[in-house]
Every structure is written in C-alpha cells, then in structure tokens.
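What follows is a short report on a single structure.
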Amino acid sequence: MNEIERRRTFAIISHPDAGKTTLTEKLLLFGGQIQVAGAVKNNKIKKTATSDWMEIEKQRGISVTTSVMEFDYGDYKVNILDTPGHQDFAEDTFRTLTAVDSAIIVVDSAKGVEAQTRKLMTVCRMRKTPVIIFINKMDREGKDPFDLLDELEQELQIKVRPLSWPINQGQRFKGVYNIYEQRLDLFTPDKQKVTEKVEVDIHSDALENHVGDADAEKLRMDLELVDGVYPSFDVNTYLNGEVAPVFFGSALNNFGVKELLDCFVKIAPSPHPIQAEERMVRPEEPKFSGFIFKITANIDPNHRSCIAFCKVCSGKFVRNAPYLHVRQNKTLRFSSPTQFMAQKKSTIDEAWPGDIVGLPDNGIFKIGDTLTEGEMIHFRGLPSFSPEMFKYIENADPMKTKQLNKGIEQLMDEGVAQLFVNQFNGRKIIGTVGQLQFEVIQYRLENEYNAQCRWEPVSLYKACWIESDDEAQLEAFKKRKYQFMAKDREGRDVFLADSNYVLQMAQSDFEHIKFHFTSEF
Ligand code: GDP
C-alpha cells in the first residue's frame with residue numbers, strides 16, 4: 001500500500017472516565033507498542049490535583065510525550081492523537097479534531113451519552129468527521145444495548161449501525177460477536193495482555209457449549225433484530241459522516257477492542273484533501289504542506305522552548321529541507337523534527353500526509369500557521385467557541401507590563417484561552433472553558449514570563465461573533481451596545497452578552513444581524 005493510503009490518523013474522544021485512556025492503551029497493546037497494559041501514563045489532569053500547580057505542570061509534561069502515538073498494524077500505520085481528559089481543556093480537544101481524518105467516541109454503557117460527548121460530536125458534525133462509537137464497560141450492569149443505540153441516535157443526531165454485538169452484559173458479559181466480519185472470537189478476559197482466542201461458529205452447537213443455552217439463543221435473536229432494524233452497513237455513509245458504526249466491549253478486559261481495531265483500519269479514511277483559503281490541497285501532491293494545530297510548552301525550565309505540532313497535509317516532509325512559514329514569509333529549516341512513540345520521542349528524517357511532526361518552537365508559531373515549499377496558501381482558521389467563563393485580566397506588577405503583555409500574547413498563540421479587548425474601556429477579557437485555565441494562565445505568567453496578573457470578575461454569558469449584510473443595522477447595533485462590544489485577536493467584532501435574556505432581545509431587535517457562537521462561519 002502506498003504511504004498515504006495506509007495511514008489512519010484519528011483521535012479518541014470521550015466524556016472523562018468513559019475509558020479513553022484504557023482503550024488507547026489497549027490499542028497500543030494490539031499494535032505491539034507496549035507488551036503489558038499499565039505502561040502508558042495517562043495524560044489526565046487528575047481531579048484531586050486541581051489545586052496543585054506543580055502537579056499540573058508535571059502532568060502537562062507527560063502530555064507532551066503522549067500527544068501522538070504511532071504504530072504499525074498489519075499494512076497500516078496508525079496515528080492516535082491524544083486529547084486532554086480534563087474538560088477544562090476542551091478547546092485543546094476541539095483543535096486536535098481539526099488535524100484528524102476520523103474519530104472514535106467512547107461511551108460508558110451505564111452512563112450513556114454525557115455532556116462532553118455531545119459537545120465533541122457537535123464539532124465532528126460541523127466538520128463532517130467520520131466517527132465510530134465504542135460502547136465501553138459492558139462488563140458493568142449498564143443500559144440495554146438497543147436502548148443505548150436509540151439514545152446515541154437521538155442525543156448525537158447521527159444514524160448508527162452496530163458492527164459488533166455483546167453477548168450478555170455485566171458479570172455475565174462473555175464477549176462480542178463481530179457483525180462486520182461475521183465471526184465470533186472468544187477471549188479469556190485478561191486485563192493486561194492479549195490472550196489466545198477461540199473461533200466459534202454461531203450457527204452450530206459450539207455457541208451453546210461456549211456461552212450457554214440462554215445467551216446463545218438471545219444472541220441469535222438479537223442479531224436478527226439488528227438486521228431487521230438497521231439497514232446493512234454502507235461504508236460510504238460512514239465516510240460521509242452520516243452513519244456511525246457502533247462497537248461494544250470492555251476496554252479494561254480487552255473485549256471487543258480487536259474487533260474495533262480490525263474494522264477501523266479497514267474502513268477509516270486515509271488522509272483526505274484539505275481546504276486552504278486559496279484552493280483544495282490533496283495529500284498526493286508532490287510538494288509538502290502542513291499546518292500547526294497545537295503548541296505545547298516545555299516544562300523543563302532549562303529548555304524554555306515549546307513544541308509545535310504540525311500535521312502533514314501533502315507531499316513529504318523532509319528533515320533540514322527549507323520550508324516557508326507563510327504568515328511570517330520566512331524560510332525555516334528543521335534539523336530535529338520529532339515523532340512520538342508511546343512514551344519516547346525520536347528524531348525523524350521524513351513524514352507523510354497524516355503524520356504529525358513535532359517542531360521545536362521558540363515563539364515563532366501560532367496555532368493555524370501554514371508551512372509550505374514556497375506556495376502562499378493558508379489553511380483555514382480553526383474554530384473558536386464561545387468561552388464559558390470570563391474574567392478581566394489586570395496587571396498586578398506595573399514594573400512588568402511588557403512581560404505580562406508578551407506572556408498573554410504567547411499563551412493566546414498557544415491557544416490556552418481566548419482574549420477579547422473591550423472597545424469601550426480597553427480592558428482585556430480572558431475567556432475560558434473552565435476555572436482551571438485561569439489558574440494555569442496565572443501560574444505560567446508568573447513562572448515563564450515573570451509577570452503578575454490579577455483576575456477581576458466580569459459577569460458575561462456568551463461571546464457572539466456578529467456579522468450582517470445590513471451595514472446600517474450593524475452600526476446601529478454596535479452603537480447601542482457599545483459597552484459590550486469587543487474585538488477578538490483577529491480584529492473581528494464580538495458582542496459580549498451579559499445574559500441569555502439580553503442576547504435573545506438583541507436577536508429579535510436586530511434581525512438582520514447573525515449571532516455566531518463559533519468563530520468559523
Ligand atoms: P478516561 O477518563 O476516559 O481516560 O477513562 P479511563 O480510561 O481512565 O477509565 C476510567 C475508569 O474506568 C478507570 O478506573 C478504568 O479502570 C475504568 N474502566 C475503563 N474501561 C473499563 C471497562 O471496560 N470496564 C470497567 N468495569 N471499568 C473500566
């Protein structure tokens with residue numbers, strides 16, 4: 001297979017605790033990257049540590065090395081992009097989703113669809129990212145599989161098609177039938193390694209012998225019902241983001257994971273063409289292009305530099321070759337680009353579309369920057385979502401104004417939070433998804449930029465990007481709401497609504513103005 005066709009670049013996403021880390025680890029186990037489970041540190045910021053900033057710093061360090069996990073699986077090259085587990089860093093996850101070709105969503109069988117799952121699915125839907133759903137923890141007493149499927153369709157607004165089916169659940173969970181391959185492999189549950197499997201013909205008595213009469217009969221009936229209710233699987237509907245194949249299993253016990261992985265590599269898309277502002281860029285084009293989707297600061301105080309993560313979109317990335325940094329119109333060479341393996345990173349000489357390359361960054365990159373062999377193209381901006389929390393950021397040490405401004409600029413370039421400047425009083429407002437981000441910003445300003453900040457409350461409900469074809473109405477609106485008008489970092493007009501009521505009134509009073517809750521429209 002050629003280098004592009006064999007690549008599968010995806011993210012595993014979930015509500016915290018559904019089992020993303022466990023599943024990732026099991027995939028690495030099948031990929032031969034690790035021999036025993038438990039070897040990969042998860043990059044979760046543990047809830048108990050939310051007040052211990054050193055701990056967060058340490059954990060952020062871990063997330064640098066586990067940001068991308070690559071392994072070969074049969075003929076395929078699998079690239080898993082890790083996403084932070086803590087929901088206060090959801091923005092990071094949204095951005096990572098711009099660099100993947102597909103996603104696997106993990107859902108807890110007892111909890112069903114949770115808040116974060118819904119939000120992440122919205123992003124996938126916006127971008128038409130193909131998704132596969134893995135319903136995890138079937139070894140627990142959870143919801144009925146058919147009910148779960150209905151819930152997925154309703155809550156995630158996507159059609160589903162089961163491609164594996166659980167044999168019982170809870171303590172009597174015995175494995176999954178592989179609908180995609182029409183075969184049943186039974187494993188002995190083992191939390192740590194891959195065990196021997198037995199192949200069972202479900203149309204013979206062998207099934208009864210292995211799982212007992214009641215479960216054998218139930219499985220056959222369930223499968224008939226599945227085929228009756230759900231249209232047969234058409235891979236194109238999955239690739240178009242219309243239908244999500246569903247797999248059941250227990251990541252912890254290694255059940256259903258291989259079924260998921262085997263099907264995933266076969267049906268998941270290889271790197272697809274990416275829309276730049278100027279034109280469509282196809283992966284098979286001979287010339288290299290790529291964009292930066294994530295920047296992670298280095299926690300080692302002796303090596304202040306960051307790592308910028310570049311997704312290769314076309315051509316071949318080659319070490320030491322001259323590449324154009326389009327925004328700065330500057331030619332750069334990278335002598336030590338890195339790739340990431342389970343826990344270590346190593347220097348690479350080349351990378352292909354779909355691969356992620358780590359580039360040393362001492363403040364030259366911004367999220368969304370494009371690299372090419374010379375062509376002036378710009379990959380489309382990444383969406384910003386309206387933050388959930390807002391605070392004024394004030395300088396607490398007047399001698400360090402410069403440091404503070406530089407720190408804020410760089411942290412925003414990294415995408416840690418969003419900055420809005422109120423047009424009425426000129427004050428800076430930082431918007432985040434969660435409280436934790438404010439604390440990280442304050443900590444990092446102090447430790448990396450030697451600057452002190454202070455937070456002051458501002459009561460805001462949402463940030464809306466506004467636009468209109470009706471110039472006069474737009475001007476009238478800005479005039480009426482002048483105290484609540486701000487600019488984002490790209491200089492776009494943002495209306496900071498202080499309550500849902502105010503926002504609704506504004507929407508009905510100014511019907512020619514569009515209010516957007518994301519910056520990509
Ligand atoms: P994440 O927050 O989504 O990364 O979730 P983790 O992978 O850390 O899992 C959260 C908890 O669920 C951990 O205590 C896991 O051991 C547990 N867990 C994960 N998969 C399973 C499973 O299949 N069955 C059961 N019973 N527990 C699981």
Arranged from highest to lowest average of other beta-carbon atoms within 10 Å per residue, in what order do the peptides 258-271, 483-496 appear? 258-271, 483-496
Per-selection metrics, the chain (Cα): Rg and Dmax in Å: 24.5, 81
Search the structure for amide H atoms under 5 Å from the amide H of ARG327, placed 1.01 Å from N in the peptide plane, and list their residues when 5 or more places away or on another chain. THR370
Theoretical ellipticity at 222 nm over the chain - DSSP helices of four or more residues, -39500 (n - 2.57) apiece, nearest 500: -8500 deg cm²/dmol
Entries in LYS111/LYS311; LYS77/LYS287; LYS330/LYS391; LYS77/LYS197; LYS391/LYS478; LYS77/LYS174 that, when Cα-Cα distance is taken, lie over 29 Å: LYS111/LYS311; LYS330/LYS391; LYS77/LYS174
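Using the Kirkwood radius built from alpha carbon pairs, what does the Stokes-Einstein equation give as D for segment 312-414 at 20 °C and 1.002 mPa s, in µm² per second? Before the final figure, lay out the partial values.
Details: Rh = 16.4 Å.
The calculation lands on 131 µm²/s.
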All aspartates and glutamates inside 17 Å of LYS428 as judged from Cα atoms, apart from same-chain residues fewer than 8 positions distant: GLU388, GLU394, ASP397, GLU409, ASP413, GLU439, GLU456, ASP488, GLU490, ASP493, ASP498
Long-range HN-HN contacts of GLN452 with modeled amide H, under 5 Å: ALA396, ASP397
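Over all directions, the average projected area of the alpha-carbon convex hull for segment 144-228 comes to how many nm²? Before the final figure, lay out the partial values.
On the way: hull surface 25.9 nm².
Over all viewing directions, segment 144-228 projects a mean Cα-hull area of 6.5 nm².
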Rounded to the nearest 20 Debye, what is the dipole magnitude of segment 389-516 about its Cα centre when Lys and Arg each give +1 and Asp and Glu each give -1 at the C-beta? 380 debye
Amide H of LYS159: which non-local residues (sequence gap of 5 or more, or other chain) have their own amide H closer than 5 Å, using H built in the peptide plane? ALA244
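Classify segment 389-516: rounded, prolate or oblate, from the alpha-carbon gyration tensor (a ≥ b ≥ c, eigenvalue square roots; a/c under 1.5 rounded; otherwise prolate if a/b is larger than b/c)?
prolate
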Computed about the Cα centre, the charge dipole of the chain from +1 Lys/Arg and -1 Asp/Glu charges at the Cβ has a magnitude in debye, to the nearest 20, of 1820 debye
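None of the figures in this text is laboratory data; all of them are computed from the coordinates on show. Everything numeric in this text was worked out from a predicted model, so none of it was measured. Methodologically, a virtual Cβ is constructed for each residue, glycine included, from the backbone with ideal geometry; neighbour enumeration extends over all protein chains shown.
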